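The values are calculated or read from the model by the stated rules, or taken from the named source; none is laboratory data. None of the values given here were measured: they were computed from a predicted structure. Reconstructed Cβ throughout: ideal geometry from the backbone, glycine too, with neighbour counts over all protein chains shown.
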Amino acid sequence: MQGPSVDHYGSRFTPLVVLELGPDTKEEAIAWLLSRIRDQQQNGGAELLVEQLGPGVCVEEKENPNVFLVGASWQRLLSGAEEVGLFKEFNDGSMRAFTCSNKHNFIDFKGDGDGFISMAECQYIIKHELDTLRAKDETHVPGHTQAKLYPGKSIIRRLQSKGILIQVFPLHEKEELKRLSFSWYQKVKVALQPLDDIRHYFGEGQALYFGFLEYFTFALVPMAFIGVPYYLFDWEDYDKYVIFAVFNLFWCTLILELWKRRSASLSYQWGTLSRKKAFEEPRPGFHGILGFNPVTGREEPLYPNAKRQLRIYLVSLPFVLICLYLSLHIMMIYFEMEDWALAVHAEDPTFWTGVLSFIPSIIYAVVIEILNLIYRYAAEFLTEWENHRLETSYQNHLVLKVLVFNFINCFASLFYIAFIMQDMVLLRQSLATLLITSQILNQFMEAFLPYWLQRRRNKKMIRKVQTKRRLEDTELPLAEQVRLEADMSSYLGTFDDYLEMFLLFGYVSLFSCVYPLAAVLVVLNNVTEVYSDAFKMCYVFKRPFSDPVANIGVWQLAFEAMSVIAVVTNCALIGMSPQVKAYFPESETQLILWIVFVEHGLLAFKFILTFLIPDVPKHIQIKLSRLEFESLEALKKKKMLEAKELSKTAQ
């Protein structure tokens, strides 16, 4: 991002956010939107600075002229920080909600703004102010009669849903990005990730993801350390296999409980742990019949919940069940191919027939990845069609659909081999093939392909600029930089990244006792994942808006559900081992009862452990309680002063 520029009012401001309107947007619509953005807050405006992006060094006929840069004065950013409820470090070391009246009591506040509000927070403030621009008495967007407006509803979201506003994205800050890139992934080192720097540049949501990825990787090290000797020596001895399964039971529970404490510490340090969530606006794609919101009293589209439930249970649910049936049917085809390949190898045990025995597993692993990808698009379409009003509701339904299918698609064959066929050799081979094949495909899609595409895009842009004037270095002018970032892929959030970790956690926690190298493979995958994800965040995707989250959200529940399944699975694997069966030579029923008893005991221990280990560390609980007490005392004093004022007025 370039330095401060001057808008048509003569005010110096730093461009922070880009608005791109459609090339066919009417002039009156553009003038109306810009006036609303610039207008004073008391008049219903956002009171922001905005200017049109001028032509670049290389001008093409197809370039969209309706690109605008948005910034804000320092005082406007401070008032915006108070509106969105940013938490900052107070003089006493506690994290408190920022207020302009008390600003000099916050650490790092110097008056000029250097370092007090991060660039990511500034861009989040501007995004919030744009989103809260509300229609007044307008019935439609000027010049676009089809784009109706409803009093009190977000203008920006309406423009997005009608395709008038193509995209809104924050600009990169070049020098800060270079520093972050160097400390993050451009040098190979054995060290923790710079989470504070990541949070400062990209926001809390992205920093928490990379924090969880780092934590998950280190948590796998004990599993990998124990797994290597198990694999190198005679680990097929079921005594060792049972011991590894028991270790697995406690590992998958402890790491999730300890992550909650780590997450709470990070979110408190970053000021999001006790931050109040703003009232959620309807999604841009939400539609319905015009009515009044019973909570806000504002006029907005309403959609009957009963109609949405009918769509979910009569269309979405049957579709998911059909997909699950198809997945299981493909699984049975895989087993037929596996039987055929093993039969060929048994008849003629040569090197090539040995290779042939691995082919069905490889094909099945590739098919699983393809099915997951196709189903993901179908799930997104269905969830959009269900017409959820809020983004959180949309995400929860999408996560549920995707998790159920991915779990069945990825793990059904392993459960079938383990508990129906009871073939531990085939289980080990299938798990290894699934892990290795999926990781190779993921690394190709997430590391090599984005790097290759980005190099092509950058070379093309620099070549276009150099045809107009010779550049001494590859530093692009502001106009070219904005258009280059506008052409980048949009960052779609951490959904796919958490989903990949969820599946890897499942492979390790469910069946790694059968294939002890699973943890080693996942550690190697996560190390490369850190570097590839960091590169994509910095140079492949548009810079995402900060997402001030306090935890990893619904994914915490997903991982905990997987850990419960892991307890049941590992107990069943232990019960199937010859070592344990030897203690019950005459009664299989007695064996099953003992396994169920142990499994229930371990689940009870798991839930007791959940209560014994606090989610929030004690010292943070004390600080939060102290702030709550001070807030109550301040409220009492305020009420007492108001009562005294009323009594004086009455006298």
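A few notes on this one:
- Pro578 being over 20 Å from Phe244 (Cβ atoms), modelled with pLDDT under 85 and exposed (fewer than 13 other Cβ atoms within 10 Å of the Cβ): no
- The one condition in (1) basic (Lys, Arg); (2) in contact (Cβ under 8 Å) with a residue 60 or more places away in the chain; (3) within 23 Å of Ser546 (Cα to Cα) that Arg76 fails to fulfil: (2)
- Residue within the stretch 342-361 that is within 28 Å of Gln443 (Cβ to Cβ), within 30 Å of the chain's Cα centre (by Cα), in the same structural domain as Asp497 (by TED's automatic domain parsing) and loosely packed, with under 12 Cβ neighbours inside 10 Å present: no
- Within the stretch 73-111, the set of residues being outside any helix (DSSP H, G or I) and small (Gly, Ala, Ser) comprises Ser73, Gly85, Gly93, Ser94, Ala97, Gly111.
- Selection count, the stretch 160-212, where residues are in a loop (DSSP other than H, G, I, E, B) and either without any contact (Cβ under 8 Å) to a residue 24 or more places away in the chain or β-branched (Val, Ile, Thr) (or both): 10
- Residue count, the stretch 363-401 (criterion: among the hydrophobic types (A, V, I, L, M, F, W, C) and either at positive phi or assigned to a loop (DSSP other than H, G, I, E, B) (or both)): 1
- None of Lys240, Lys162, Lys189, Lys260 is farther than 30 Å from Arg428 by Cβ and at pLDDT below 85 except Lys189.
- Hey, Ser94 closer than 22 Å to Gln269 by Cβ, surrounded by 14 or more Cβ atoms within 10 Å (Cβ to Cβ) and of a type in the set (Gly, Ala, Ser) or not: yes
- From the options Ala634, Ala561, residue that is of a type in the set (Gly, Ala, Ser) and at pLDDT 85 or above: Ala561
- Residues in the stretch 580-623 that are of a type in the set (A, V, I, L, M, F, W, C) and more than 25 Å from Leu254 (Cα to Cα): Val580, Ala582, Phe584, Leu591, Ile592, Leu593.
- One residue from Ile608, Ile620 being under 30 Å from the mean Cα position of the chain (by Cα) and either outside any helix (DSSP H, G or I) or surrounded by fewer than 11 Cβ atoms within 10 Å (Cβ to Cβ) (or both): Ile608
Residue-by-condition table, conditions (1) in the same structural domain as Leu484 (by TED's automatic domain parsing); (2) of a type in the set (Ser, Thr, Tyr); (3) surrounded by 15 or more Cβ atoms within 10 Å (Cβ to Cβ):
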{"position": "Arg389", "(1), (2), (3)": "yes, no, yes"}
{"position": "Val399", "(1), (2), (3)": "yes, no, yes"}
{"position": "Val404", "(1), (2), (3)": "yes, no, yes"}
{"position": "Phe407", "(1), (2), (3)": "yes, no, yes"}
{"position": "Val425", "(1), (2), (3)": "yes, no, no"}
{"position": "Ser438", "(1), (2), (3)": "yes, yes, yes"}
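- Across the stretch 110-127, the number of residues qualifying as farther than 18 Å from Asp196 by Cα and surrounded by 16 or more Cβ atoms within 10 Å (Cβ to Cβ) comes to 3.
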